[in-house]
Structures are given as structure tokens and as C-alpha cells.
Amino acid sequence: MSSAFLFPGQGEQYPGMLHDLPAHPSAAAVLDEISAVLGHDVRAHDDERALRSNASVQLALFASGVAAWRTLDALGARPDYVAGHSIGSFAAAVAAGALALPDAVTAVRARGHAMETAYPHGYGMGVVLGLDERTVTRLAEQAGRPAQPVYATNVNAPRQIAVSGADPSVDRLLALALANGAAKARRLAVDVPSHCPLMAGPEQELAAVLSRLPLTRPRIPWAGNRGGRTLRSADAVREDLVHSVAHPVRWHDATSVLHERGVRLFVQVWPGDSLARLARAAFPDARATSMRAGPPEHILQLIRRVVSA
């Protein structure tokens with residue numbers, strides 16, 4: 001049996017999340033290294049005011065993921081696979097050894113700035129529970145307007161579909177979803193239309209930045225966002241990171257591939273536990289947990305049990 005670390009994306013942020021990280025020298029060292037690249041303390045990106053900025057949210061989530069992973073790694077808790085949802089894929093790329101931390105900071109900063117600049121207001125995301133991708137796509141076509149498009153985007157589970165677009169159309173789509181039998185339909189704490197064609201411009205800007213950064217073959221197999229496959233080459237990781245902006249995240253496909261490859265322990269790295277809950281629901285024969293469930297030493301014990309099983 002194998003283990004996988006899952007790095008979350010937007011929606012898991014909360015004020016103080018960088019200050020709530022495990023009190024370990026490795027975590028502090030990561031935050032200091034990121035701060036040196038930024039030219040200011042990254043810890044300032046996790047207060048309530050800063051988290052109103054999409055660019056700050058992305059930096060804070062990335063920093064928390066890498067700092068938490070480095071703590072686990074220092075303790076000897078090492079996974080067989082890694083995967084990251086949206087911005088979490090950059091932290092996963094660092095953990096896999098495909099992208100150096102300073103270069104990842106450069107890419108994440110550029111990504112967040114490009115996305116926020118392109119759509120400073122009037123756009124966002126929602127999520128529909130209880131309807132499949134085909135149905136949500138049909139409802140998006142009904143809800144959208146020529147000047148206010150909306151799209152079905154991330155497939156987090158077979159019946160948990162994210163939507164992205166102009167605020168009025170997102171709201172119309174969520175109302176239509178409820179009228180058509182959705183169990184829930186609500187807005188997400190994301191104020192840009194991620195993972196849809198509206199992000200073609202920011203995706204091109206990120207592609208230009210990543211083309212100048214060196215990537216290496218991942219030491220740990222890395223599950224991609226776009227195709228739901230485990231990637232083992234630097235070029236494949238680079239391409240998937242680029243497509244993390246304007247293309248849907250096929251999260252259920254990615255975790256299903258990991259499960260097929262023998263993963264029976266899914267660990268969500270800091271913060272939150274939404275990815276752990278998705279894995280728990282999708283794979284009843286696997287253990288799924290998060291760092292919020294206990295100290296880092298608890299994760300180490302779980303991985304040792306998986307290795308010895």
C-alpha cells in the first residue's frame with residue numbers, strides 16, 4: 001500500500017493560517033525563505049484584510065503547504081505520491097522536487113497577480129453538489145449571457161462540480177442547480193473566474209514565466225490537474241502547471257488514478273480538510289486524514305503503518 005500528500009487550493013484559506021502552522025524550525029525556515037524572495041514577510045498575507053486579495057490568498061496557501069510539507073519531511077514522513085488542487089499544485093511540485101522553492105515563489109506571485117489584474121471584481125466561483133458534470137454544463141449554457149459567461153469547471157467528485165464566471169451568471173446557475181435537484185449550490189471564497197476560458201490571458205502570462213524557470217524530473221510521482229494522470233517528466237509538470245489557470249481541475253480523476261496505483265492513505269497538507277473528505281467519500285477502503293486532525297508526528301505514524309502493512 002502507498003500514501004499520497006494532497007495540497008489544497010483556494011477555499012481553504014482562513015485568517016491566521018500561516019501563524020497556526022506547526023511550531024517547527026523547518027516551517028519557519030520555509031516562511032523566511034519565501035519572505036526573502038518576496039522582499040517582505042509572507043506572514044503578512046494571512047490576515048483578514050490581506051486575504052481579500054486573490055494574489056495574497058494564493059501566496060498564503062502556497063507558503064502554508066510548503067511549510068507544512070517541509071515539517072513532515074523533516075520528521076521522516078514521506079509520501080509515495082503528491083497532488084495539488086489548483087494553486088496547491090505548485091506546493092506539490094516543490095514537494096516532488098520538480099520546482100525549486102524560490103522559482104515556485106516567482107511563478108505563484110506572477111500567477112496571482114495576473115489573475116487578479118485580469119478580473120479585479122465582478123467575477124467568481126461557486127460549487128454544485130448532487131448533479132453531474134453533464135447536467136451542470138447544460139445549466140451553465142442556460143445561465144450564461146454573451147457579456148456574462150459562466151462555465152462548469154472543476155470536477156472535484158462525480159457529483160461535486162465547480163462553476164466559474166461573471167457574478168450574475170454564477171448566481172443564476174446556482175439557482176438553476178437548486179431548482180433542478182442539487183443538494184447544495186453555493187458561492188466559493190474565490191473572487192476570480194478560475195479554470196475557465198476567461199483566464200486565457202493570465203494562463204499565457206504564467207506560461208511565459210514558467211518557460212524561463214528550470215524544472216526537473218519529479219523525484220515523487222506528481223498527479224496532474226488537467227488530465228488526471230501521474231506525471232514523471234519536467235516538461236509534463238510544466239505544462240500542467242500552466243494549464244492550472246484556464247482549464248478545469250480533474251481532481252476526482254487524479255485521486256482515482258492514485259487509488260488505482262495502490263494509495264490507501266491520503267493526507268491533506270495544511271490548511272483545511274476538504275480534499276481529505278473528498279477522498280474519504282470516494283474511496284471507502286482507504287484512510288483519509290489531514291494535518292488539522294493531529295500533530296505532524298501523527299502523520300508519520302500513519303505512514304509507517306502503511307509501509308508495514
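Nothing in this text is a laboratory measurement; each read-out follows from the coordinates by a stated rule. Being a predicted model, the structure only gives us computed values, none of them experimental. Positions of Cβ are backbone-derived with ideal geometry, glycine not excepted, and every protein chain shown enters the neighbour counts.
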Calculate, for Asp235 and Glu260, the FRET efficiency according to 1/(1 + (r/R0)^6) with r their C-beta to C-beta distance and R0 22 Å; round to the nearest 0.05. 0.40
Using a Förster radius of 30 Å, what is the FRET efficiency between Asp285 and Arg187 based on their Cβ-Cβ separation? Nearest 0.05, please. 0.35
Extent of segment 85-144 along each principal axis, from alpha carbon coordinates, in Å, largest to smallest? 44, 27, 14
Using the scaling law 2.2 N^0.38 Å as the reference, what is the normalised Cα Rg of segment 155-240? 1.41
Burial-style ranking of 288-301, 166-179, average other-beta-carbon count within 10 Å with highest first, yields 166-179, 288-301
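Let me make sure I get this right: for segment 123-190, a, b and c are the square roots of the gyration tensor eigenvalues over alpha carbons, sorted descending. Under 1.5 in a/c it's rounded, otherwise prolate if a/b > b/c, else oblate. Which is it?
Prolate is the answer for segment 123-190, as a/c is 1.5 or above and a/b outweighs b/c.
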Relative contact order of the chain, pairs being alpha-carbon contacts under 8 Å that are 6 or more residues apart, as %: 23 percent
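If each DSSP helix of 4+ residues adds -39,500 (n - 2.57) and the sum is divided by the residues in the chain, what number results at 222 nm, nearest 500 deg cm²/dmol? Show your work: numbers first, answer last.
Details: 11 runs with 139 residues, N = 309.
Computed mean residue ellipticity for the chain: -14000 deg cm²/dmol.
Relative contact order, percent, of segment 190-263 when contacts are C-alpha pairs under 8 Å separated by at least 6 residues?
Values: 93 pairs, mean separation 27.9, N = 74.
Contact order relative to length: 38 percent.
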Distance in nm between Asp253 and His40 label points, each 7 Å along Cα→Cβ, equals 3.9 nm
If the chain between His19 and Ala175 were fully stretched, how many nm would it gain, using 0.36 nm times the residue separation less the Cα-Cα distance? 52.4 nm
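Under the 0.36 nm per residue contour assumption, what length would be gained going from the current alpha-carbon distance of Ala100 and Met1 to full extension?
Contour length minus Cα-Cα distance gives 32.8 nm.
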Surrounding charge for Asn54, neighbours by C-beta under 11 angstrom, Lys/Arg +1, Asp/Glu -1, total 0
Taking 17-30, 215-228 and ranking on average Cβ neighbours within 10 Å, highest first, one gets 215-228, 17-30
Charges on Cβ only, +1 for Lys and Arg, -1 for Asp and Glu, centred on the Cα centroid of the chain; of Gln204, Val42, Leu258, which one is farthest towards the dipole's positive end? Leu258
Against the longest alpha carbon principal axis of the chain, how many degrees, from 0 to 90 and to the nearest 10, is the axis of helix 25-38 turned? 50 degrees
When only alpha-carbon atoms are used, what values of Rg and Dmax, in angstrom, describe segment 113-267? 16.5, 49
Here FRET efficiency (C-beta to C-beta, Ala147 to Ala200, R₀ 25 Å, nearest 0.05) is 0.90
Dividing the surface of the Cα convex hull of the chain by four yields a projected area in nm² of 14.3 nm²
Kirkwood hydrodynamic radius (C-alpha pairs) into Stokes-Einstein, segment 56-205, 20 °C and 1.002 mPa s, D in µm²/s: 130 µm²/s
Note down the net charge around Arg304, summing +1 for each Lys or Arg and -1 for each Asp or Glu among other residues with Cβ under 14 Å from its Cβ. +2
What angle do you read, to the nearest 10 degrees and between 0 and 90, between the alpha-carbon axis of helix 133-143 and the longest principal axis of the chain? 40 degrees
If you line up the long axis of helix 200-211 against the longest principal axis of the chain, both from Cα atoms, how many degrees apart are they, to the nearest 10? 20 degrees
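Counting Lys +1, Arg +1, Asp -1, Glu -1, what net charge surrounds Met199 among other residues with beta carbon under 14 Å of its beta carbon? Write out the running numbers ahead of the final one.
Working: positive: Arg111, Arg226; negative: Glu116, Asp191, Glu203, Glu205.
With Lys, Arg at +1 and Asp, Glu at -1, the net is -2.
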